[in-house]
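Reviewing the structure listed below.
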Amino acid sequence: MKHTNWYKDAVIYQIYPRSFKDSNGDGFGDIPGIISKLDYLKELGVNCVWLSPVYNSPQADNGYDISDYCSIYPPFGTMDDFDLMLKEMHKRGIRLIMDLVVNHTSSEHPWFIESRKSKDNPYRDFYIWKKGKGKNPPNNWTSFFGGKAWEYDELTDEWYLRIFTKEQPDLNWENPKVREEVKKILKFWLDKGVDGFRCDVINLLSKDQSFKSGHELLVKGSSYFVNGPRIHEFLNDLNLSVLDNYDCMTVGETCFTTLEDARMYAGKDRHELNMIFNFDHTSVDNYLGVKWLMRKFKLINLKKAFDKWQYGNKEGWNSLFIENHDQRRSVGRFNTSSTTYRKESSKMLATMCYLQKGTPFIYQGQEIGMTNGDFASLDEIQDTETHTINETMKKMHLPKSFIKKSLYNGTRDNARTPMQWDDSKYAGFSTKTPWLKVNENKSFINVKESLIDENSILNYFKKLIEYRKNEPLIKDGVYLDLDPKNKNVYIYSRKKDNEEIVCISNFSDRTIKYKLKKNQNYKDYQIKLSNYQNNEIDSSFITLKPYEVVVLKNK
Ligand code: TEU
């Protein structure tokens, strides 16, 4: 099979299906809804969609708990709807990557229903069952969502491992039968014509078989299951047995991953994944990568995180993102503004991120500058993670005000509010009360308005995507951070031969007179993109207005 590496030219748009577009008035997004918006995506200029899970699922974790990998959850539509969506995407030159969630299944998956029945059930070893220590779990491992990572089952007097919710038992990848089943799932979707996978928590598959207790501060035991002992063997096997036979792409979601890990997952000739998501830059405003522990943002740290991957991921290829369905919205984050300078902030952040080397991932709503949810109480928040973390923090007797602030700030529902298509009651997302509250700011933040307004964030995103497509330097140019120590300005260049692009961003709400160095003579450079009309550049200074971004090129 010839591999075209098309992913290096992809601009990927993530759809979180339950919040994208409801076609049948049940308050819940669906596949026909997605089909109705494909022309919108085509016009935006994206050429690939990552679709969060649409498989059959009890929805304990919004579809990241799958009970049947080869069927569609009925509220999303039918398999015929899916096939039509794929055809309509391909017709428009848009590829489709699916979400592959195989660290765990749903507790309602037939494998788990069987596994639970008895110790000698043929499916027992599809999951990780252990004897407890007296009344306690087998070890001290904790869940990513807070609390213990083990669940007791009275029927057989054993505990099963579940690193996420109790409805998401971890599969036992040591069992070759599990690996064969996963290969069948991959083949099923690839043979339908899908173009690849975003691989959910893929670096957690292999667990250290000693099952020792961990000493880590927060996710206890994580050193025994993050980038575990057989992970590369498992991924290599999936790749050589299935993925390698298709011109498809994979991007692995890999938390707590170093450059060296990245090289192992997605380095040259490794035959595992094409690229990974690292979370260094989304961890700069918290402690230890734990978003509940908020920390003051410093631009220098953000630049350090980007520099590390731009310089260090030499053999690999980076993924470029600042939003997804687990992160809060980017406007208002990284010292930017979600009010007065919302438009400027949103355009600046996108430019700063997407002109780096790698593949851009845009999360639905980011292209119109959607903001965090405006939840009035915790009852309006649905996400399971928020509620378990709430319980955990209460048990730790943390101050109420801290818990509240931390939950509203960190809840994943911030990114999951219904897509704002217009200013009608339910934002054109649905005709009925949606599953999650629509943000009141739909009255002025919506697609309809953005299409009319020439200076909208949406129209800027179109220009930015178009620019990327027509400028080879963005794919190939060498990245250089020109002033890593500056506290307010992020200025980097992309260079190849005699050509150079310079991207300059002001991360503050003040006008800054940025002094250029002697070798930075941009007098003859042209302005290619900016979020302001009149840019002031002379031979020794660039005046940057609040959240201004300017992209210059020497030819
Ligand atoms: O996320 C994995 C993951 O690491 C997140 O749990 C992350 O730590 C957390 O959201 C930060 O708050 C993936 C999916 O993206 C997420 O939606 C799922 O809930 C999770 O896996 C389990 O499948």
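The values are calculated or read from the model by the stated rules, or taken from the named source; none is laboratory data. This one's a predicted model, so the numbers in the text were calculated from it and none came from an experiment. Methodologically, a virtual Cβ is constructed for each residue, glycine included, from the backbone with ideal geometry; neighbour enumeration extends over all protein chains shown.
What are the residues in region 298-313 that are of a type outside the set (Phe, Trp, Tyr) and touching a residue at least 40 places away in the same chain (Cβ under 8 Å), if any?
Lys298, Leu299, Ile300, Leu302, Lys303, Lys304, Asp307, Lys308, Gln310, Gly312, Asn313
May I ask you to list the residues in region 463-486 that are assigned to a strand (DSSP E or B) and surrounded by 18 or more Cβ atoms within 10 Å (Cβ to Cβ)?
Matches in region 463-486: Tyr479 only.
For Asn286, are the conditions met, namely being closer than 22 Å to Asn486 by Cα, within 14 Å of the ligand (Cβ to nearest atom) and not aromatic (Phe, Trp, Tyr)?
yes
Answer yes or no: is there a residue in region 151-163 that is of a type in the set (Ser, Thr, Tyr), assigned to a loop (DSSP other than H, G, I, E, B) and at pLDDT 95 or above.
no
Identify all residues within region 125-136 that are outside any helix (DSSP H, G or I) and surrounded by 19 or more Cβ atoms within 10 Å (Cβ to Cβ); write none if there are none.
Result: Tyr127, Ile128, Trp129.
Is it true that Phe145 is assigned to a loop (DSSP other than H, G, I, E, B) and out of contact with any strand residue (DSSP E or B) (no Cβ under 9 Å at 6 or more places or on another chain)?
Against the criterion (assigned to a loop (DSSP other than H, G, I, E, B) and out of contact with any strand residue (DSSP E or B) (no Cβ under 9 Å at 6 or more places or on another chain)), Phe145 qualifies.
If I ask for residues that are under 24 Å from Met1 (Cβ atoms), at pLDDT 95 or above, in a loop (DSSP other than H, G, I, E, B) and not basic (Lys, Arg), which ones from region 236-294 would you list?
Val242, Tyr246, Asp247, Cys248, Gly267, His271, Glu272, Leu273, Asn274, listed by residue number.
If you go through region 18-26 one residue at a time, do you hit one that is without any contact (Cβ under 8 Å) to a residue 24 or more places away in the chain and closer than 23 Å to Pro434 by Cα?
Checking region 18-26: at least one residue is without any contact (Cβ under 8 Å) to a residue 24 or more places away in the chain and closer than 23 Å to Pro434 by Cα.
Go through the residues of region 419-434 one by one and say whether even a single one is in contact with a helix residue (DSSP H, G or I) (Cβ under 8 Å, 6 or more places away or on another chain) and within 26 Å of Phe306 (Cα to Cα).
No, because not a single residue in region 419-434 is in contact with a helix residue (DSSP H, G or I) (Cβ under 8 Å, 6 or more places away or on another chain) and within 26 Å of Phe306 (Cα to Cα).
Is one or more of the residues making up region 498-510 free of Cβ contacts under 8 Å to residues at least 24 places away in the same chain, more than 26 Å from Thr340 (Cα to Cα) and over 30 Å from the mean Cα position of the chain (by Cα)?
no
For region 372-388, how many residues are polar (S, T, N, Q), closer than 13 Å to Asn414 by Cβ and touching a Ser or Thr at 6+ places or on another chain (Cβ under 6 Å)?
1
Consider only pairs whose beta carbons are under 7 Å apart and that are at least six residues apart or on different chains; among these, list those whose first residue lies in region 35-64 and is on the phi > 0 side of the Ramachandran plot and whose second residue is within 16 Å of the ligand (Cβ to nearest atom) and not in a loop (DSSP other than H, G, I, E, B).
Asn62/Arg18; Gly63/Tyr55
Every residue, every condition in (1) at pLDDT 95 or above; (2) within 16 Å of the ligand (Cβ to nearest atom); (3) out of contact with any Ser or Thr (no Cβ under 7 Å at 6 or more places or on another chain); (4) small (Gly, Ala, Ser), yes or no:
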residue	(1), (2), (3), (4)
Asn313	yes, no, yes, no
Ser319	yes, yes, no, yes
Ile322	yes, yes, no, no
His325	yes, yes, no, no
Arg333	yes, yes, yes, no
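So which residues in region 187-206 are more than 22 Å from Asn278 (Cβ to Cβ), in a loop (DSSP other than H, G, I, E, B) and not acidic (Asp, Glu)?
Once the filter is applied, which keeps residues that are more than 22 Å from Asn278 (Cβ to Cβ), in a loop (DSSP other than H, G, I, E, B) and not acidic (Asp, Glu), region 187-206 yields Gly193, Val194.
All but one of (1) farther than 23 Å from Gly477 by Cα; (2) crowded, with 22+ Cβ neighbours inside 10 Å; (3) in contact with a Cys (Cβ under 8 Å, 6 or more places away or on another chain) hold for Phe279; state the number of the condition that does not hold.
Only one criterion is unmet by Phe279, namely (2).
Inside region 164-180, can you point out the residues that are touching a residue at least 12 places away in the same chain (Cβ under 8 Å) and part of a helix (DSSP H, G or I)?
Lys177, Val178, Arg179 - these are the residues of region 164-180 that are touching a residue at least 12 places away in the same chain (Cβ under 8 Å) and part of a helix (DSSP H, G or I).
Mind checking which pairs have a first residue in region 322-340 that is among the aromatic types (Phe, Trp, Tyr) and a second that is in a loop (DSSP other than H, G, I, E, B) and modelled with pLDDT of 95 or more, Cβ under 7 Å, 6 or more apart or different chains?
Phe334/Phe297; Phe334/Phe507
Out of Val178, Val101, which single residue is within 15 Å of the ligand (Cβ to nearest atom) and either surrounded by fewer than 19 Cβ atoms within 10 Å (Cβ to Cβ) or under 18 Å from Phe197 (Cβ atoms) (or both)?
Going through Val178, Val101 in turn, just one is within 15 Å of the ligand (Cβ to nearest atom) and either surrounded by fewer than 19 Cβ atoms within 10 Å (Cβ to Cβ) or under 18 Å from Phe197 (Cβ atoms) (or both): Val101.
Output the residue which, of all residues in region 58-67 that are in contact with a His (Cβ under 9 Å, 6 or more places away or on another chain) and more than 21 Å from Phe361 (Cβ to Cβ), is farthest from the ligand (Cβ to nearest atom).
It comes out as Ser67.
Is it fair to say Tyr514 is surrounded by 18 or more Cβ atoms within 10 Å (Cβ to Cβ) and in a strand (DSSP E or B)?
Judged against the criteria, Tyr514 is a match.
Is there a residue being within 16 Å of the ligand (Cβ to nearest atom), farther than 24 Å from Arg18 by Cβ and without any contact (Cβ under 8 Å) to a residue 12 or more places away in the chain anywhere in region 263-279?
Scanning region 263-279 turns up no residue that is within 16 Å of the ligand (Cβ to nearest atom), farther than 24 Å from Arg18 by Cβ and without any contact (Cβ under 8 Å) to a residue 12 or more places away in the chain.
Any idea how many residues of region 207-231 are surrounded by fewer than 20 Cβ atoms within 10 Å (Cβ to Cβ), closer than 15 Å to Glu272 by Cβ and either out of contact with any Asp or Glu (no Cβ under 7 Å at 6 or more places or on another chain) or among the charged types (D, E, K, R) (or both)?
Selection size over region 207-231: 1.
Can you tell me which residue is nearest to Asn103 (Cα to Cα) among those in region 139-159 that are more than 16 Å from the ligand (Cβ to nearest atom) and buried (at least 21 other Cβ atoms within 10 Å of the Cβ)?
For region 139-159, the residue satisfying everything is Trp150.
Of all residues being over 19 Å from Lys523 (Cα atoms) and of a type in the set (D, E, K, R) in region 487-507, which is surrounded by the most Cβ atoms within 10 Å (Cβ to Cβ)? Just the residue, please.
Within region 487-507, the match that is surrounded by the most Cβ atoms within 10 Å (Cβ to Cβ) is Lys496.
Kindly list, by first and then second residue, each pair from a residue in region 193-217 that is of a type in the set (A, V, I, L, M) to a residue that is more than 14 Å from the ligand (Cβ to nearest atom) and part of a loop (DSSP other than H, G, I, E, B), limited to pairs with Cβ atoms under 6 Å and residues at least 6 apart or on different chains.
Close Cβ pairs satisfying both conditions: Leu205/Trp173.
In contact with a Lys or Arg (Cβ under 9 Å, 6 or more places away or on another chain) and closer than 25 Å to Met396 by Cα: is that true of Ser283 in this structure?
Answer is yes for this residue.
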